[in-house]
Amino acid sequence: NTFTVNFKIYVFVFCHFLFELHVTIVAPDEMEPIQRVKPKDSRTLIVVFNPKARATQYVIRIQNSDGFFREDTVSSSPAEIESLTPYTEYSLSILAENSAGPSQPSSSVTGKTVLPPPQLSSSSPSNDSIIVSWAPVTHAVQYSLSISKLGSNSSIHNTSNTNMTISGLDAGSLYVIQVFAWDTEGRKGEGSLHINQITRKENNHVAGLSVSWNIDQVVHGPIMYHVMSDQNLTCNSTSSSCTLPAVGCGEVHTIQVTASNEAGPGHPSSPEVFITFPCPPQSLAVVESTEGNCTVRWETVPHADSYTAFIKKNDGSEGTCNTTSNNCTFHCQCGYTYVMFVLAFNEAGGSPEGQPLYYTTLPCCPENVSVSSVSTDTLEIMWTASQGADVYETRAADTSEVILCNDTAPVCALSDLSCDREYTVVVTPCNEFSGCNRACRAHTKAPCMPTNLMLNPKNSSCISVSWTGNNRAANYTVTAGGDDGIHSCTTSGTTCDITDLPCGSTYQVSVTATSAAGQSLPSYTDSLETEPCCPMNLTVDQVTQAMTNVSWSHAKGAHSFITSLTSPRGHARCHTQDSHCLMGCITCGTNYTVTMEAVSHSGHKSSCTYQGFSSSACCPSGVRLYRMASNSLRVFWRSGSSHSSVAELVGIINNYTCTASPGENSCDIGNIQCGDVYHVVVAPLTAEGSKVLFCPQRFYSGRTAEPSLIYRGKRSVD
């Protein structure tokens, strides 16, 4: 008798398949090599690459022959690799990442930074010349100098020396200068900072005041004209004009002309008032009025009708502002140097150029500031280098302590901190001209790492995870990573349930805290093993009347199996690592409950219950043969079974069969061939009408034909 137990839970299998389809994430394919590497300046390379599908970020590996190695995480192409060494060759490769892991890195390409900027100094030895000098730049073979006058185009001068004199310039004019170095490969290095230099203004000629008048044609003879100013300036002329010497700015002259001949002087002319050109404005000052706007102010000068402010930025751009007041507002950007001078105007002309004002705005606040925990007591702060900053002051402060870090690089590590403290982290950019920008916004420290992780199974597919938070206000994310993907749950408390875990799986469980300040380090991990799966199919085959063979299908996560057949009349049990086992001591005609415990490597157990098994009906005992009249034979047996029975006589010449109804214990066979040898089997019939196969045989030899002879026979050993 064969009994098969098949569990086909189609809905579970289908849903499980969909779940796996939903959570399976594949790592990105191997990256192609970086397409192009070009220098941005002496310490920065720009990297261009082809993005990959399924990638959420990219890691660029940078190394050189001196043992330098670094990995930069970027989000897109092109990307900038900063804080490198000038004029150095680097090997760069790239790999893509997502939550499933990283791709294989690409093959390497090389890139080289350019020469650093020269450090300039300048002076003006004369009215028409400027001398520029700089320290030698290592590996430089040539230098190019760019010079431009405010409001004019620039000119380029090349040299292999480390100084240059530029002649033919305008006296008292502002010039903007920049120098580049060239390497042996013909690559242009990073340009120096723009410097400003004004040529000298030594006036050998003093302005004069030209006075002219109409001559009276009626007067004859030689006439001398005498011109006099109330400022004690005089000049004489025999013509109709004369120049009063040494006129200064902002002067008011009352002028009269007197004609003289041999008869003496005539009456002076009517007085004429003349105002000279205004003096240059003094005491220039700049105020940053609003964000992005600056106001330059100066003292008003007498006799000025209007003013023009000239403003030059150190990136080469320039502008002017016309006004009748003593101030002018212009757009100014953080981190730049501005050169300004102001001219005053009236009807007589413009004032001489006054002393220029150099003003450097505050350096820009760093952008893309990230505060991340690299350990439980250390913060790494990174940012994008800001315009105009020479050095950065990074400060982490709370109510009881201040930790400082000063560096020229856009990265800083602050150690010996306490997690979840109210640290205010501020990156302050500074330069030597304008000081430090104290208006940059603050950032906060990441929360503490969760501790004391505990796992408490609720049922076969649900685990309760608890921990110690150590934070005042944070959300927590529990992740369980296994071969079927990531399972997670989120809470603001300190316990969380992860559900829908499949049987027979192992996971690494950790907890991460997240707050407005950022994300903590993950907690230490703990291993989770779900209960092993039960075999989907189990089959019970009866081998003999007292022994069965039980077999089953594969069960994920199960290492061994304890199988039991249980009934009120007794039970059988076996423990094995195989997928089958033989079980003895089976009682015939008995209904058994079939159960199994699937056991994992670590001892986790799953209880599995299957459809019951019924052992075959008991074989009859006390089989007797009675010879009857007319060569017939009666087969008799003892049986308490309610099944029908069949008796079979298998001889050398003939075979005979008779059947008894339920409750009967004999049947008759007629026309028996005498002298033959028979094997006799009496077996009960199953409900389906098949014969129980393992009932014992009896041996019978029909050598006589005497009536009423009882032959008990003997059990065959065949």
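The values are calculated or read from the model by the stated rules, or taken from the named source; none is laboratory data. None of the values given here were measured: they were computed from a predicted structure. Neighbour counts run over all protein chains shown; Cβ positions are idealised from the backbone, glycine included. Heavy atoms of the whole protein, side chains included, go into the accessibility calculation; ligands, DNA and RNA do not. Shrake-Rupley method; radii C 1.70, N 1.55, O 1.52, S 1.80 Å.
Once you have the Cα-Cα distance between Asn214 and Ile156, take 0.36 nm times their residue separation minus that, and quote the gain in nm to one decimal.
The Asn214-Ile156 span can extend by a further 15.5 nm.
When all alpha-carbon pairs of the range 295-451 are counted, what percent fall beyond 24 Å? When every Cα pair of the range 295-451 is considered, 51 percent fall beyond 24 Å. When the alpha carbon coordinates of the range 442-556 are projected onto the principal axes, the ranges are 83, 21, 18 Å, largest first. The smallest convex shape that holds all Cα atoms of the range 135-199, its convex hull, gives 88 Å³ per residue. Annotation: the range 645-691 has a Kirkwood hydrodynamic radius of 11.5 angstrom, from the mean reciprocal C-alpha pair distance. Peptide packing: for 299-309, 320-330, the average count of neighbouring Cβ atoms within 10 Å per residue gives the ranking 299-309, 320-330, highest mean first. Rounded to whole numbers, the Karplus 3J(HN,Hα) couplings from phi for the range 481-494 are x, x, 6, 9, x, 10, 10, 8, 8, 10, 7, 9, x, 10 Hz, using 6.51 cos²θ - 1.76 cosθ + 1.60 with θ = phi - 60°, and x at Gly and Pro. Taking a threshold of 30 Å on the Cα-Cα distance, which of the pairs Lys40/Lys313; Lys112/Lys149; Lys112/Lys312 fall above it? From the list (Lys40/Lys313; Lys112/Lys149; Lys112/Lys312), the Cα-Cα distance tops 30 Å for Lys112/Lys149; Lys112/Lys312. Volume per residue for the range 203-354 equals 137 cubic angstrom (convex hull of Cα atoms). Label separation (Thr138 vs Ala53): 4.8 nm, computed from points 7 Å beyond Cα along the C-beta direction.
Normalised by 2.2 N^0.38 Å, where N is the number of residues, the alpha-carbon radius of gyration of the range 285-361 equals 1.09. An ellipsoid equivalent to the range 519-643, defined through the eigenvalues of its Cα gyration tensor, has semi-axes of 50, 11, 10 Å when rounded to whole angstrom and sorted largest first. Per-residue 3J(HN,Hα) values for the range 601-607, derived from phi via the Karplus relation 6.51 cos²θ - 1.76 cosθ + 1.60 with θ = phi - 60°, read 4, 8, x, 5, 10, 10, 8 Hz in sequence order (x marks Gly and Pro). Between Leu521 and Met449, the built amide H atoms are under 5 Å apart, and every one of these is 5 or more places off in sequence or on another chain. You can think of it this way: the chain between Thr609 and Glu71 has 188.2 nm of extra reach, that is 0.36 nm per residue less the Cα-Cα gap.
Using the alpha-carbon atoms, what tilt in degrees (0 to 90, nearest 10) does helix 10-23 show relative to the longest principal axis of the chain? Long axis of 10-23 versus the principal axis of the chain: about 20 degrees.
Calculated from the alpha-carbon coordinates, the range 621-711 shows an Rg and a Dmax of 12.7, 39 Å respectively.
Which listed residue (Leu625, Thr659, His157) has the Cα farthest towards the positive end of the charge dipole for the chain, taking +1 on Lys and Arg C-beta and -1 on Asp and Glu C-beta about the Cα centre? Highest projection toward the positive end goes to Leu625.
Of the GluC sites (Glu not before Pro) in the range 246-296, the ones in a loop by DSSP (not H, G, I, E or B) with at most 15 other beta carbons within 10 Å are Glu262, Glu291. Excluding same-chain neighbours fewer than eight residues apart, the aspartates and glutamates reachable from Lys38 by a Cα-Cα span under 20 Å are Glu71, Asp72, Glu80, Glu82, Glu89, Asp183, Glu185, Glu190. Couplings 3J(HN,Hα) of the range 258-272, computed from phi: 10, 9, 9, 9, 5, 7, x, x, x, 6, x, 5, 4, x, 10 Hz, in residue order, whole Hz [Karplus 6.51 cos²θ - 1.76 cosθ + 1.60, θ = phi - 60°; x for Gly and Pro]. Considering all alpha-carbon pairs of the range 367-444, what whole percent are spaced by more than 17 angstrom? Of all Cα-Cα distances in the range 367-444, 40 percent exceed 17 Å. Within the accessible area of the range 14-164, the carbon and sulfur atoms contribute 48%, probe 1.4 Å, all protein chains present.
The three principal axes of the Cα atoms in the range 222-275 give end-to-end lengths of 38, 19, 17 Å, sorted in falling order. Binning the C-alpha pair distances of the chain at 10 Å intervals from 0 yields a P(r) profile of 2, 9, 11, 12, 10, 9, 8, 7, 6, 6, 5, 4, 3, 3, 2, 1, 1, 1, 0, 0, 0 %, listed from the shortest bin outward.
Our summary of shape: the Cα atoms of the range 38-126 have principal axis extents of 69, 26, 16 Å, ordered from largest down, in whole angstrom.
The gain in end-to-end length when the Arg634 to Ser83 segment is fully stretched comes to 187.4 nm, 0.36 nm per residue minus the alpha carbon separation. Helical runs assigned H by DSSP (4 residues or longer) give the chain a calculated mean residue ellipticity at 222 nm of -500 deg cm²/dmol, each run adding -39500 (n - 2.57) before division by the residue total.
Ignoring ligands, DNA and RNA, what accessible area per residue does the chain give at 1.4 Å, in Å²?
Counting only protein heavy atoms, the per-residue value for the chain is 52 Å².
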